[in-house]
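Just below is one structure, and these are the notes that go with it.
The values are calculated or read from the model by the stated rules, or taken from the named source; none is laboratory data. The structure displayed is predicted, hence computed values, not measured ones. Backbone-built Cβ (ideal geometry, glycine too); neighbour counts: all protein chains shown.
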Amino acid sequence: MNCPMCQSNRCRTYHRDASRDYRQCLRCRLVFVPEAQRLDPVQEKARYELHRNDPNDPRYRKFLSRLHQQVCQRIALPARGLDYGSGPGPALAMMFREAGYEMQIYDIYYADQAEVLTRQYGFITCSEVVEHLYHPGPVLGRLLKSLIPGGLLAVMTQMVIDQERFSSWHYIRDPTHVCFFSRDAFRWFAKAHGLSLEFPDKDIILLTKDRPVE
């Protein structure tokens, strides 16, 4: 299959384990699981139902606060935001509302309201989401179109370091994780879409929209 981010057919085998193959795009550097080895929607949602992310759990809120603080430092009130992939308990959206921001949420399984994707936002958050995307190129491109000029796409995901560490990485053990980004993959995406890029923490990526997305 072609790369699900940039559609290049220049891909190589990156790793193989007992359950899945992992391919790397030689153009954008994304590592991904072939489509035939991904879960179907019923299996995927069943896995998500096992998650216990309580919006009122102090430990979960502390985890999300690292992304929350990065956005609040850069996007002044008043501003409207979208939490994409909010899950069954939209804790991050709750935290932004508590800080005074107007928030919308979207989740393909728990808040599938396509109209929110047609609006414009000052920032969009994707916390522990991009590794689940079956088609990250089209999805992220659509989100960029929903950002106003100067808007911020704030991503949290663990990143690929190298092949040796990838083979023993706990992140690939989750069968709902199908796309694995590295700093190089985000650099490619930022350049392709005319975005400013920051890595303020090991698993936080900030992409600022500097021009309209065609």
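Restricting attention to the stretch 191-203, the residues that are within 15 Å of the chain's Cα centre (by Cα) and buried (at least 19 other Cβ atoms within 10 Å of the Cβ) total 0.
Could you tell me which residue of the stretch 57-92 is nearest to the chain's Cα centre (by Cα), considering only residues that are among the small types (Gly, Ala, Ser) and under 20 Å from Arg142 (Cα atoms)?
Step one: of the stretch 57-92, the residues among the small types (Gly, Ala, Ser) are 65, 76, 79, 81, 85-87, 89, 91.
Next, only the ones that are under 20 Å from Arg142 (Cα atoms) stay: 79, 81, 85-87.
On the way: Ala79: 21, Gly81: 15, Gly85: 8, Ser86: 11, Gly87: 13 Å.
Selected residue: Gly85.
The set of residues in the stretch 98-128 that are surrounded by 21 or more Cβ atoms within 10 Å (Cβ to Cβ) and under 20 Å from Arg59 (Cβ atoms) comprises Thr125, Ser127.
The set of residues in the stretch 106-122 being outside any loop (DSSP other than H, G, I, E, B) and under 30 Å from Asn2 (Cα atoms) consists of Tyr106, Asp107, Ala111, Ala114, Glu115, Val116, Leu117, Thr118. Number of residues in the stretch 1-13 that are surrounded by 13 or more Cβ atoms within 10 Å (Cβ to Cβ) and more than 21 Å from the chain's Cα centre (by Cα) equals 1. When the stretch 130-154 is filtered for residues that are in a strand (DSSP E or B) and either at positive phi or without any contact (Cβ under 8 Å) to a residue 24 or more places away in the chain (or both), only Gly150 remains. With respect to the conditions (1) out of contact with any Lys or Arg (no Cβ under 7 Å at 6 or more places or on another chain); (2) modelled with pLDDT of 95 or more; (3) surrounded by fewer than 17 Cβ atoms within 10 Å (Cβ to Cβ), Pro58 falls short on a single one, namely (2).
Of the conditions (1) under 26 Å from Ser182 (Cα atoms); (2) surrounded by 20 or more Cβ atoms within 10 Å (Cβ to Cβ); (3) out of contact with any strand residue (DSSP E or B) (no Cβ under 6 Å at 6 or more places or on another chain); (4) of a type in the set (A, V, I, L, M), Met95 clears all except one; give me its number. The one condition Met95 does not meet is (1). Listed conditions (1) in contact with a Phe, Trp or Tyr (Cβ under 7 Å, 6 or more places away or on another chain); (2) touching a residue at least 60 places away in the same chain (Cβ under 8 Å) are all met by Ser127, apart from (1).
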